[in-house]
1. For chain B, calculate the relative contact order in percent as a whole number, restricting contacts to Cα pairs under 8 Å that are 6 or more residues apart.
2. Evaluate peptide A:251-263: per residue, the Cβ atoms of other protein chains within 10 Å of its Cβ; return the mean as an integer.
3. For the protein assembly as shown, what is the number of Lys pairs with C-alpha distance below 21 angstrom, counting only pairs 8 or more positions apart or on separate chains?
4. Would you kindly state how much longer the chain becomes between residue A:310 and residue A:184 on full extension, computed as 0.36 nm times their sequence separation minus their alpha carbon distance, in nm to one decimal?
5. Build a GNM of chain B with springs between Cα atoms under 10 Å: which of B:123, B:198, B:71 gets the top mean-square fluctuation?
6. Pairs of Cα atoms under 8 Å, at least six residues apart: use those to get the relative contact order of chain A, whole percent.
7. Averaging sequence separations of C-alpha pairs under 8 Å and six or more residues apart, then dividing by the length of segment A:64-154, give the relative contact order as a whole percent.
8. Can you list, bin by bin at 10 Å, the percent of alpha carbon pairs in segment A:214-280, starting at 0?
Amino acid sequence: MSAPLLEVRDLRVEFPTRRGTLVAVDGVSFAIAPGEVLGVVGESGAGKSLTGMAIIGLLEPPGRIAAGEIRLEGERIDGLPPERMRRIRGRHIGAIFQDPLTSLNPLYTVGDQLVETILTHLDVDKAQARSRALKLLAEVGIPAPEGRIDHYPHQFSGGMRQRVVIALALAAEPRLIIADEPTTALDVSIQAQIIALLKRLARDHGVAVMLITHDMGVIAETADRVAVMYAGRLAELGPVREVIHEPRHPYTAGLMGSIPRIGALQRHARLVQIDGAMPRLNAIPPGCAFNPRCPKRFARCTAERPELLTVGNARASCWLYAAERR
Amino acid sequence: MSAEHGPLVRLLRVGRDFDVSRPWLNRVLEGAPRQLLRAVEDVSFEVAKGETLALVGESGCGKSTVARLIVGLYALSRGRVEFDGMDLAAPGTDAPALRRRMQMIFQDPYASLNPRWRVRDIVAEPIRVLGLAATAEAERERVTGLLRQVGLAPEDGEKYPHEFSGGQRQRISIARALSGNPEFLVCDEPTSALDVSVQAQILNLMTDLQERLGLTYLFISHNLAVVSHIADRVGVMYLGRVVELAEAERLFAAPRHPYTRMLMDAIPDLQMTGKARTPVAGEVPNPLAPPSGCAFHPRCPHANDRCRAERPALLGPATGAVACHAVEEKRI
């Protein structure tokens, strides 16, 4: 694997509140190589979106990075002054969010928005910017871009809008794209188109993609590696094939089993069920955060927080894989 | 009179239009025409007692409208809905009495529960309205039993909805739906707002309740995998019409309508078999200007001149019917 483009080490995101500090992301480390798609999966409240927001420097106050470091091409980007971070965000990191309608300005045509982004970050004149905007729209699969470039966002359908957002994210030739639930608001048939597009872009442009989603199916199809988050912590990190076919962490195993699949089960057969719910941030149990729900819990799990242990090609934070079990 | 062996619910050529015209003044001044959106058109199916029929389709296909038409949240524009052999709209029918035997569960457990009421009161409301408990003591007992039945603790009755997670709220919605002793539950995307592990809990709960109480479900979803898990029969809707209606096993083993095939192909492959997924080009057309003939023809790889001109009818028995010229002509 080549040198990582993005490196996150021991990231900790905190929310100070009147009733004490909530730790929303706790000791998360991972790296993404150029051209690689890292899937980040987890349930609502697992901290996956906050991890993405921390990387692009868009944490909403009072949320803050309390510890750890984030490096883009070797340079630290956490804790930069807002103005410098703004430049990096536009130029080197592109962002795609769930709802394409709120990511676009309804008062400007998509062409204006693309041209503005290109002019801000690249050294080109207006005519060149417009021809680049046309090229981008064509690349993300908008038919007849000459006819669509002067349209407003509301004139596009949901799937087409998400393509425009992707074109915007690509406008300044970023090295990293953070896509937070990019297909969640779309219908399945459109979802497949957007996934195929993201995958092709990562491959063709050598862009590193951090794909945040709750949908294991999207991860299975798109990601090279996957990070599974639970209660703000990394539960498991490994090649997507291994994590899906041979989940190591009991949480990942439960998560995989709870996904209904066509033809996999007898109809009306019970799905694997993880009882209970993910703990709230103010009530994370000591030891492993998953231990109250874990079918394989033993003494050490309730006492000591597991670290990421290497299992095969993957890593899981679970004491089952410690050399000595106390 | 109740039909002992007939279907519990029967839809006959049901249709619903929505008036989406510009305001009256604009129409007068600008000469803009009246515009009708045909949300549901010519939908017929039956749901047998104890059966789960699922309706699937993409956003805007009319599946939720059908659900609302059945429970009476929308009025019918055309056609007829029968419950237990009786026409709900006929003058002699005691429609409110029939409607008591059906309940609905909604998608968003955050919006469908009154935030100012305690869970106990939310669950007890149908009991009070329908007069199902003679005394306060009987009501209390019944609510406690309902909460237990859906996997909540009796003490949870004293709490407010905001104290619960999404999955638990959906349990409360289910308890409320069950409190009026319904026979028929219309579930409109009951798990789409939930995380997968919670979704599994709710689907398991719904399956258990069906077995225990002999419920009949109409299950609306956009998620084919969920539907394959819970449904006995499946209706696939596209642009307001049912394009395929078949037994679940048959539909998922051998989908016949090109749109059903497309939907199946579009599901991300969790097995990672590496089978090439062919993303379908195109999107759902504007329902205000539906395509001529078969509404799916602009996206269909098998479309010919007949498909562009003539609308296919849903042909075949209730165990496997499809509305497609290509299938009828044995071209595919």
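1. Once normalised by length, the contact order is 19 percent.
2. 5
3. Going through the protein assembly as shown pair by pair, I get 5.
4. Gain in length upon complete extension: 42.2 nm.
5. Looking only at B:123, B:198, B:71, the largest GNM fluctuation is found for B:198.
6. Here the relative contact order equals 20 percent.
7. 27
8. 19, 51, 27, 3
Taken together, the values in this text are just the output of simple stated rules run on the coordinates, not laboratory data. The shown structure was predicted, so the numbers you read here are calculated from the model rather than taken from an experiment. For neighbour counting, all protein chains shown are included, and Cβ atoms are generated from backbone atoms with ideal geometry for every residue, glycine included.
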